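So the structure is just underneath, and the comments pick up after that.
The values are calculated or read from the model by the stated rules, or taken from the named source; none is laboratory data. As the structure is a prediction and not an experimental result, all values here were calculated from the model. Positions of Cβ are generated from backbone atoms using ideal geometry, with glycine treated the same way; all protein chains shown enter the neighbour counts. For accessibility, only protein heavy atoms count, side chains too; no ligands or nucleic acids. Shrake-Rupley method; radii C 1.70, N 1.55, O 1.52, S 1.80 Å.
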Amino acid sequence: MDNSSSSIEEIATLKFNGSTESLKSEGTINSNEDIQEELVSSQILPYEPSIPSDQWLLGGSLGSRNAILVFKSSALANPTTVSKQNKPGHKLHVTYKVLQAETKLLSKLLDCHGIAEVASNSTDFNLLWTGSQPKPGTLRSLAPHQRVNHFPRSYELTRKDRLYKNIERMQHLKGLKHFDFIPQTFVMPTEFKELCSAHHRVKGPWIVKPVASSRGRGIFIVESPSQVPLEEPVVVAKYISNPLLVAGHKCDLRLYVVVTSFDPLIIYIYEEGLVRFATVKYDSSHKQLWNPCMHLCNYSINKYHSDYVKSDDPSAENVGHKWTLSALLRHLKSEGKDTALLMSQIEDVISKAVLASASSIICAWKMFVPHSNNCFELYGFDILIDENLKPWLLEVNLSPSLNCDSPLDVRLKSAMLADLLTLVGIPAVDPILRPTSTVNLPKGNLNLKMKLNNCRGVHSADGLSNTFPKKQQSSISTRRISSASLQVTPEETRIIKNAQAQFERRGGFVRIFPAVDSWSKYSQYLDPNTGIPISGIVASSYNVSNTHNYNILLYTTLFPDMPVTIANRLNEKPQQRTKFTSLDRKRDSSLDSQIILPRMNGRQDRYERALSRGHKQALIPNKVTKESQSIELRRKVVEMLKCGKKITQCEARKTFSQYLVCILKKIVSAPDQDDHVEIVLKFLQKASNYLRTPYSVKAPSTKLETKDRAAIVAKQLNDFLYLYNRETDMFVDKSDKPSQVPKDLYGEFLEHARECDLEEVLIYQTTQTVPNYTSSPGFQGILKCIPNVPKQYGILPPYRPNKMAKGVKVTDSS
């Protein structure tokens, strides 16, 4: 079997045939029947509320206390100074702050809406976007108008070890068959014996992942527990050996999920997602388990393979190694697959994963966050579909990548991010002249001590019977409840209005919780008194007072005609349960009104319709640098260095980092140069010792083809650059000194420098600092030299290396 990318032509040119699919490109319909169906569906429930193209505020006029900013991806098209100044964000001096995050797309989008970035130490901001968990002090100090893109303790869902343990707990509590969407997993090193026992019963392979990594870093496949490292925390999961294949290639899904509230729980999923393909054709015999470009679908791994196909057409949703979710669904539907059932199961996986991890997040949220609207969370769910169309949850990403390496990325992510910012509702408030009134805010939110007294503890369940209220406890279990029968408090009124307002501005997001059938499907996982998801953990003993079941309140308000029955569904037959899917909603006619069914039909169409919005141009146009300009800048810098001037350590590190990027591009463009690959690999094995973060270098198997080895080494070089640049950010260059090359000049040099320009500066620096040094021409000489003189090149970090940490781990998988 030829395991090279022999079917690239198939996957690159695969199109959907048949007139029944009705592919709607740019909002056009293929037939009159489609037009009539679209009109009927839109009359019942439009796909999303239509916001006029010139409207940039919702909920009130400029200066209104309830006004919310509107964001649109169309603002990215040809923005001008005048257009930015006319936006309400500019008029109200709305600002945002970024901490430890890559935000080119976000910054560009906010800038086009007249919103300015402030310094990292500023407290006058409307939006805080951070790549890590905010500190408790930051959360406690949030004002009502401020938003932050994380909930406290979100790692309960995004750390691989915590995610599995939370789901495993629910498996024990509610039964494995209700939470069987995650592969059997073990946490190392504490569960090594259990792994060996499982391997004895069911042989491998197993996939090994660091507990807190992303972008495919540190992932590899083993056939035996003896190959699993025990000196670092990793999870070992059963490898799913029967994946769904498209044109012979394995694929997985990246879905964007937003939680706007945990109590009540409100979950949205974006109608469009990404499908990522492995570059090398899949071999079911498992004879090439050491080839990550066959078994791993991460874009960060496969993009370095020479056979990777990247589409340059933003409208091409089913070309190359990255598709849209809707394109895959239409493809599966053309093959007769039940895509409605598939998406219903995916919704179920997402809802149950959030429910399993929610209780700890709710406790931290109640403790540290002063206002219920302060936090929201964008998760990246990675899901693998097997050949039986069963979805498996692989992992959940805390800060899913917003990088745009292809036109399709720009189009999808710009539309998703604009809809996200509109959905969460950023108040149109001047952050400096913000209102100080606390009208309509519950008193418990104004004081942390009072908040702790009002925090509703999470009750553990001793048995299944505890998850359902007895008849004498509440009459709501046997009758229909309308919102008019509830005596709502001001806080409950605010919760209901916020949820309804969010839904009206949802854009391309689909609300999956609460949904019309969520109570019948998930009430058994909620505490009957507080509505908080059951975890099986005895929470901290907060005083429970004024308990409210916000989940049932919101459900009965949004779906007043639906019965709130707490019947035990565990004994229902499978045929009965499939009638309650969240997509087709084929419920008993005695329960559903005639309006409900068309709404659900329209919901299914949302996942399968072609992407019609989003920015279709590159975010940053490629700069064309004249060769004469590069030569002149290099001459000025080298002359200053010869005259005794110096560059700072931070500038030296940036120079070296930019030079490594050139080497990375060279490997990717010429993967047949095996000697280049070996030089880079040896460099990584030495240079990784100078990183503060322990970095493991895994030599690719010698059995692999040269282009496969080149892709793996390129990926590891990129990982090294990621860690190296993060440590470079720790350096702080002080003001210019007479003995230094001017910062502005050197910054301009780096902006326009070619590989040869960077190489000349690096060589000159070395000859000046290392006696009797002679460098071989080309990058081979530099890479051989630099690890031996790290200080001169700024490789050595500004702290003493941790001698206890293992900086490099070199293994050969041959």
### residue 361 under 28 Å from residue 521 (Cβ atoms), open to solvent by less than 20 Å² (accessible area, probe 1.4 Å), assigned to a helix (DSSP H, G or I) and of a type in the set (A, V, I, L, M, F, W, C)
yes
Taking first residues from region 75-90 that are closer than 16 Å to residue 126 by Cβ and second residues anywhere that are aliphatic (A, V, I, L, M), the pairs with Cβ under 7 Å that are 6 or more apart or on different chains are 88/57; 88/62; 88/69; 88/428; 89/69; 89/115
Of those in region 677-712 that are more than 18 Å from residue 213 (Cα to Cα), of a type in the set (Val, Ile, Thr) and touching a helix residue (DSSP H, G or I) at 6+ places or on another chain (Cβ under 6 Å), the residue most open to solvent (accessible area, probe 1.4 Å) is 706
Would you confirm whether or not region 571-586 contains a residue that is open to solvent by 20 Å² or more (accessible area, probe 1.4 Å), in a loop (DSSP other than H, G, I, E, B) and at pLDDT 50 or above? no
>> When you scan region 692-705, do you find a residue that is touching a residue at least 60 places away in the same chain (Cβ under 8 Å) and part of a helix (DSSP H, G or I), even just one?
In response: no
Considering only strands (runs of 3 or more DSSP E) wholly within region 143-258, the ones with at least 1 residues that are modelled with pLDDT of 90 or more, surrounded by 17 or more Cβ atoms within 10 Å (Cβ to Cβ) and of a type in the set (A, V, I, L, M) are 185-188, 206-210, 234-238
| query | open to solvent by 20 Å² or more (accessible area, probe 1.4 Å), of a type in the set (Asp, Glu) and assigned to a helix (DSSP H, G or I) - does that describe any residue in region 661-675? | reply | yes
Condition set closer than 15 Å to residue 253 by Cβ and among the aromatic types (Phe, Trp, Tyr), scope region 367-387, selection surrounded by the most Cβ atoms within 10 Å (Cβ to Cβ): answer is 381
Result of the Cβ filter at 7 Å on region 675-686, keeping first residues that are closer than 11 Å to residue 699 by Cα and partners that are not in a helix (DSSP H, G or I), at least 6 apart or interchain, is 681/699; 684/697; 685/697; 685/808; 685/810
* Looking at region 640-656, is at least one residue surrounded by fewer than 21 Cβ atoms within 10 Å (Cβ to Cβ), aliphatic (A, V, I, L, M), outside any loop (DSSP other than H, G, I, E, B) and on the phi < 0 side of the Ramachandran plot? -> yes
For residue 731, the lone unmet condition from (1) closer than 27 Å to residue 292 by Cβ; (2) under 31 Å from the mean Cα position of the chain (by Cα); (3) modelled with pLDDT of 60 or more is (1)
Within region 75-91, the count of residues that are open to solvent by 30 Å² or more (accessible area, probe 1.4 Å) and aliphatic (A, V, I, L, M) comes to 2
Looking across region 390-435 at residues that are open to solvent by less than 10 Å² (accessible area, probe 1.4 Å) and of a type in the set (S, T, N, Q), the single one that is farthest from residue 109 (Cα to Cα) is 422
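Residues checked against (1) part of a loop (DSSP other than H, G, I, E, B); (2) surrounded by 24 or more Cβ atoms within 10 Å (Cβ to Cβ); (3) of a type outside the set (Lys, Arg):
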{"position": "300", "(1), (2), (3)": "no, no, yes"}
{"position": "317", "(1), (2), (3)": "yes, yes, yes"}
{"position": "320", "(1), (2), (3)": "yes, no, yes"}
{"position": "323", "(1), (2), (3)": "no, yes, yes"}
Across region 479-494, the tally of residues that are modelled with pLDDT of 75 or more and over 16 Å from residue 59 (Cα atoms) stands at 6
Q: Considering every residue within region 614-633, establish whether at least one is assigned to a helix (DSSP H, G or I), of a type in the set (S, T, N, Q) and without any contact (Cβ under 8 Å) to a residue 12 or more places away in the chain.
A: yes
Selection over region 259-291 where residues are of a type in the set (S, T, N, Q), open to solvent by 10 Å² or more (accessible area, probe 1.4 Å) and over 29 Å from residue 363 (Cβ atoms) yields a count of 3
In region 92-104, residues that are outside any loop (DSSP other than H, G, I, E, B), open to solvent by less than 60 Å² (accessible area, probe 1.4 Å) and in contact (Cβ under 8 Å) with a residue 40 or more places away in the chain total 1
Counted residues in region 65-86 being assigned to a loop (DSSP other than H, G, I, E, B), within 22 Å of residue 410 (Cβ to Cβ) and not β-branched (Val, Ile, Thr) come to 5
For region 372-410, the count of residues that are β-branched (Val, Ile, Thr) and within 23 Å of residue 146 (Cα to Cα) equals 0
Among 248, 273, the single one that is out of contact with any Cys (no Cβ under 8 Å at 6 or more places or on another chain) and under 17 Å from residue 393 (Cα atoms) is 273
Scanning region 261-285 residue by residue, those farther than 25 Å from residue 212 by Cβ, outside any loop (DSSP other than H, G, I, E, B) and of a type outside the set (A, V, I, L, M) turn out to be 261, 268, 277
